[in-house]
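What follows is a single structure, written as structure tokens, with notes after it.
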Amino acid sequence: MIQIKHSILKFPFIALLLFMTFSLTACIGDSQPSESDIKSMAAQYFDNQYSGLFITSNVIKKNGYKQNETHYVAELTITGTAQQDLDSYAKSIMNDSSLSSLEKITNSMAVGLLKMTMPDFEAGDQIEFEKNYLFIKTDNGWQLKNELKPEDQL
């Protein structure tokens with residue numbers, strides 16, 4: 001009779017232990033985006049940001065931290081391979097008939113800023129970019145929200 005009570009008490013304890021294990025695993029497992037998700041989303045964001053000028057050839061996650069339960073910051077080094085030099089890129093913008101005059105002026109100003117902030121490079125050269133991206137947890141999983149500027153990181 002004592003053995004029956006002992007085995008009956010064992011079942012609820014094991015069930016409770018399994019339930020707690022699965023609950024904690026579910027909470028912990030999704031507390032930040034996976035490294036592969038970070039790298040793929042960062043590469044896609046970078047390629048869109050520098051479309052026609054650079055393409056991602058490598059992404060290295062240096063560090064990351066949670067700002068809160070739904071915000072995660074990834075500190076990355078992205079190696080971009082130049083598709084063309086800045087002068088060729090500027091000419092292609094000015095010759096793009098699909099752009100309005102205002103878009104051409106805006107883009108040429110952006111190219112001017114790039115010339116002031118980047119070293120000279122030719123097509124095929126690789127340049128490393130230090131980027132910090134904010135990821136947010138949504139109903140559809142983690143999403144890259146935007147690039148953080150230095151003033152956003154204080």
Given Lys61/Lys149; Lys39/Lys131; Lys91/Lys131; Lys91/Lys145; Lys115/Lys145, which pairs have Cα atoms separated by over 20 Å?
-> Lys91/Lys131; Lys91/Lys145; Lys115/Lys145
Which order do Val59, Val73 fall in if you start with the one that has the fewest other Cβ atoms within 10 Å?
-> Val73, Val59
Mean separation of Cα contacts under 8 Å (at least 6 apart) over the residue count of the stretch 47-93, i.e. the relative contact order in percent, is 41
Added length on full extension, which subtracts the Cα-Cα distance from 0.36 nm per residue, Ser97 to Gln83 = 3.0 nm
Packing-based exposure ordering (other Cβ within 10 Å, fewest first) of Thr106, Thr138 = Thr138, Thr106
Sorting Met94, Met109 on the 10 Å Cβ count, fewest up front, what's the list?
-> Met109, Met94
Given the Cα-Cα distance of Asn48 and Thr70 and 0.36 nm per residue of separation, how much length would full extension add, in nm?
-> 5.5 nm
Tell me, what is the percent relative contact order of the stretch 64-139, built from C-alpha pairs under 8 Å that lie six or more residues apart?
-> 55
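Read-outs: derived from the displayed coordinates by stated rules, not from any lab. Just so you know, these numbers come straight off a predicted model, no measurement behind them. We place every Cβ from the backbone using ideal geometry, glycine too, and count neighbours over all the protein chains shown.
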